[in-house]
Amino acid sequence: MQKQQRHSGLRSKAILLVSLAGILFFTFIFSSFNTIRVKTITFTADDGLELTADEYIIDPFKPYVLLFHEQGSSRGEYSTIARRLCKLDYNCLALDLRNGGNDNFVSNQTAKQLREKHLESGLSEIEQDMLAAIKYVGEKSNLPVVLFGSGANGSLSLKVALSDSLVRAVIAVSPGEYFMPEIKIQDAISDLNKPVFITSSKAEFPYVSELASGIDIDYVTLFEPKQGEGERGTRSFSVDYEYNTEYWLALILFFKDLM
């Protein structure tokens with residue numbers, strides 16, 4: 001009897017793996033016929049800083065995923081990720097935030113403007129950039145948006161989502177308490193009542209789980225890597241990471257539940 005149950009369990013796992021592989025296949029193969037138009041645009045934050053972003057458009061009437069890079073990085077961090085998200089029937093906007101630098105040979109133009117204008121780059125100013133991006137795409141599509149943030153800007157994505165009614169859901173990779181003692185993110189997001197997907201490397205997972213512990217369990221999806229040790233931030237979704245597929249499968253299922 002035990003042997004039969006064990007075989008049944010193995011069959012169930014095999015069916016689940018095949019189903020997940022099927023989701024990934026149909027999402028990335030059959031949806032790949034969408035034409036993605038990419039252009040670099042600018043708009044202005046409330047303090048007058050010119051913000052630079054890459055816009056990935058498949059259909060102007062589709063909703064947007066707003067992509068917020070890690071601190072010290074640039075919109076180039078999402079150059080591959082954005083194209084894959086477009087295959088999920090979303091437009092994307094990858095923003096150069098003012099707390100940035102360079103990534104994937106893409107220079108952060110917003111940070112360059114910040115230095116030239118001698119403006120501030122604190123927590124409230126970075127939030128200002130995010131809110132400007134939400135306003136920009138909101139005026140274009142008039143549809144709820146999904147925020148996708150990494151590192152410190154993943155933490156701020158969670159905070160911004162709490163108060164902005166246009167935000168439908170949030171994806172935060174390797175968020176943390178980057179802004180202590182000014183603010184404790186764990187406390188700030190405890191009343192968040194929107195779908196949230198949080199992931200990290202295996203080593204970071206206890207830490208990010210604690211960060212999300214105040215969010216109602218009905219709203220939060222925590223993904224811990226199983227096949228490897230994982231990577232920090234968006235590197236976990238990179239083609240250069242051997243086990244990126246399990247991250248993508250978990251994220252696709254999260255998006256599926258948003259439909």
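Every number here is computed from the coordinates shown, using simple stated rules; none is lab data. Please read all numbers here as calculations on a predicted model, not as lab measurements. Note: ideal-geometry Cβ built from the backbone for every residue, glycine included; neighbour counts use all protein chains shown.
For residue 257 and residue 102, a Förster radius of 30 Å and the Cβ-Cβ distance give a FRET efficiency of 0.30, rounded to the nearest 0.05. Among the chymotrypsin sites (Phe, Trp or Tyr not before Pro) within region 105-181, those in coil by DSSP and having at most 13 neighbouring Cβ atoms inside 10 Å are 105. In this rough spin-label picture, where each label sits 7 Å from Cα along the Cβ direction, the residue 165-residue 203 distance is 4.4 nm.
Remark: the Cα gyration tensor places region 186-259 in the oblate category, a/c being 1.5 or greater and a/b not exceeding b/c. R0 = 35 Å: FRET efficiency of residue 184 with residue 39, Cβ-based, nearest 0.05? Efficiency, from the Cβ-Cβ distance: 0.35. Whole-Hz Karplus values for region 55-69 come out as 9, 10, 10, 10, 6, x, 9, 8, x, 10, 9, 9, 10, 10, 5 Hz, taken residue by residue from phi with 6.51 cos²θ - 1.76 cosθ + 1.60 and θ = phi - 60°; glycine and proline positions read x.
Legend: P(r) of region 112-234 from all alpha carbon pair distances, 10 Å bins from 0, whole percents, reading 13, 43, 32, 11, 1.
Treating the angle as unsigned and between 0 and 90°, give the value, to the nearest 10°, between the Cα long axis of helix 123-141 and the longest Cα principal axis of the chain. Helix 123-141 sits roughly 80 degrees off the main axis of the chain. How high is the relative contact order of region 143-259, in percent, with contacts defined as C-alpha pairs under 8 Å that are six or more residues apart? Relative contact order of region 143-259: 21 percent.
Angle of helix 2-28 to the longest C-alpha principal axis of the chain, folded into 0 to 90 degrees and rounded to 10: 30°. Axis of helix 244-258 versus longest Cα principal axis of the chain: the two differ by about 80°, to the nearest ten degrees. Remark: the chain carries a charge dipole of roughly 1200 debye about the Cα centre, counting +1 on each Lys and Arg Cβ and -1 on each Asp and Glu Cβ.
Summing charges over neighbours of residue 216, with a neighbour being any other residue whose Cβ is under 14 Å away from its Cβ, gives -1 when K and R count +1 and D and E count -1. Anisotropy class assigned to region 34-258 is rounded, per the alpha carbon gyration tensor with a/c under the 1.5 cut-off.
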